[in-house]
Structure formats: C-alpha cells, structure tokens
Amino acid sequence: MNRSLYSRLWPNVTAVVLFIGFVFPVYWMFATAFKPTGDIISEDPVWFPTDITFEHFRTATGVDHFWTYVTNSLIVTLCAVGLALVVALAGSFALARMRFRGRRGFVIGFMLAQMAPWEVMIIAMYMIVRDASLLNSLVPLTVFYMMMILPFTILTLRGFVAAVPRDLEEAAMVDGCTRAQAFRKVILPLLAPGLMSTSLFGFITAWNEFPLVLVLNKEAESQTLPLWLSSFQTAFGNDWGATMAASSLFAIPILILFVFLQRKAVSGLTAGAVKG
C-alpha cells in the first residue's frame, strides 16, 4: 500500500514543483508591473500587490516610437511566419513524397541548420545587408527570421505529410484533381495540427529575436519590440516597474496565441516528431 501510494505521490509532487517553478516568474513579472515603486525596491518582498498602479504601463507605452515598434514587430513576425509556412509546405511535400538523389543528406542538412547558433553568423549577415544597402530595413529581418524557423517547420510538416496515406491523394487525382488540387483539398486540411505548432514556434522565435535587429537596425523607425524592452536600462540603473510592465505587454500576444493553439500545437509537435 505504501509503495503504491509513493509511486502515485512523487510524480504529482514533482509536477507541482515544476509548475510553481515555471509559473512563479511569470506571476512575479505581472505582479511587479502593478506595484508602486516603493514596493518594488523594498527590502521586504511584497508577494501580493495591494496598492495597484498603472503608472509603469503608462511609462512603458509612453516611450518614443512605441507604436512603431509594435507595428514593425507584427509586420516582421507575421511575414516571416507566413513565408516560412509557404516554403515549408512545398519542401516538406517534396521530402515526404518524392525520392531523389541526396534526399537523406538534404534532411541531415536541415537538422544541422536547426542546431547551428545563428549568432555566429551575425557578422556575415551584417556584411551582406550592408553591401546590399538594406541596413535599417525590415526586409532583411523578415528574410533572416524566415530562414531561422524554416528548418524546424519543414522537418515537422514532413512528418505530417508522410503520415497522410498516398491512397487519399491518388483517389482525389482519379476523381479529376490535379496534384496541386489534391494537395490543397486533401493533404492541406490534415496538416492543421502541424501548421499550428510550427506557426506558434515561428511566432515565438521571430517575436523574441534581439541580437539581429540590434546589429542591423540602428534607427528607431526600423526597430522592433525587443529593443524597446532594453530602453528602460540607463546609466542610473533599471526602471524595474517599467521593465516588468513592458515585459508583461510583450508576453501577452504569445500567451494569447498559446491559449488558443495549445491543443493543436502539442499534438502537432508530438506527431510531427515521430512520423515520417
């Protein structure tokens, strides 16, 4: 009896501890955003904000070019994710359905590209963008972000395409569909979980990216929200209230996306990882 109770108890205790460890920093970020400055810098931590204030949010959103940062982040992120999905759909279909020389090496190359740290190529990226006279432009950011999320997107969608029986595609072609129509009407609807999971991954990657925009875009009119987050650190110290308020605002779009896509995203990640 004791052994059975222990075997059921320790996984639950471990899950609770992990849950607290992951959730508490998020709670502390949101709680600090609503605390007065005196409670934030107090030596005795204030666990629950009592005197709620919105001053830090006004400070965060009152920064020059704030809405420009928001617009740039949305444009770059959505365009990068959309382009990556279009290219990945074609690439994953080719890898899953077609047999050609070098196919295995092609897949290994995508895996290596996914593992390689993009930071080591920042200098090369900067030189390419500089020589093309595209510094302080959103176009290079969109292209580079698409390249960052493309390997994962192709590898994940490849598993979903491979899991779709060929008979369904062939039956649609027998009924008069072209290969493109069969892909759009038969295969594409079955890829919804994979599209959700890869879209969420791509959105988080592009939304959070900081070093590349810091190097390529020096003008405020072409910068994104990650640089906005760093604007509350000065030579006189950190404005922790504004920083936490900005971080809370920055995290809200990702939290909303995750709430709406969590079921599809989790099933997509697990299915795409083991199929194909």
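Points worth noting:
- Basic side chains Lys and Arg get +1 at the Cβ, acidic Asp and Glu get -1 at the Cβ, and with that the dipole of the stretch 64-215 about its Cα centre reaches some 640 debye.
- Degrees separating the helix 122-131 axis from the principal Cα axis of the chain, which is the longest one: 80
- Whole-percent carbon and sulfur share, accessible surface of the chain, 1.4 Å: 69
- Placing a pseudo-label 7 Å from each Cα along the Cα-to-Cβ vector at residue 59 and residue 118 gives an inter-label distance of 3.1 nm.
- Sequence ranges 15-22, 77-84, ranked by mean other-Cβ count within 10 angstrom, highest first: 77-84, 15-22
- The chain, relative contact order in percent, only Cα pairs under 8 angstrom and at least six apart counted: 31
- Once the 1.4 Å probe is applied to the protein heavy atoms, the chain comes out at 59 Å² accessible per residue.
- Under the Karplus curve 6.51 cos²θ - 1.76 cosθ + 1.60, θ = phi - 60°, whole-Hz ³J(HN,Hα) for the stretch 89-103, x wherever Gly or Pro sits: 4, 5, x, 5, 5, 5, 5, 8, 9, 9, 10, 9, 5, x, 4
- In order along the stretch 52-66, the phi-based Karplus estimate (6.51 cos²θ - 1.76 cosθ + 1.60, θ = phi - 60°) of 3J(HN,Hα) comes to 6, 9, 10, 4, 5, 5, 5, 5, 5, 7, x, 5, 4, 6, 4 Hz; Gly and Pro are listed as x.
- Pairs of Cα atoms in the chain fall into 5 Å distance bins, from 0 up to the last occupied one, in shares of 1, 5, 9, 12, 13, 13, 12, 11, 9, 7, 4, 2, 1, 0, 0 percent.
- Ordering of 143-150, 247-254, 57-64 by packing [mean C-beta count within 10 Å, highest first]: 143-150, 247-254, 57-64
The values are calculated or read from the model by the stated rules, or taken from the named source; none is laboratory data. Because the structure is a prediction, the values reported are computed rather than measured. Here the Cβ is made from the backbone with ideal geometry for all residues, glycine too, and neighbour counts use every protein chain on show. To get the accessible areas, we keep the full protein, side chains included, count just its heavy atoms, and leave off ligands, DNA and RNA. Shrake-Rupley method; radii C 1.70, N 1.55, O 1.52, S 1.80 Å.
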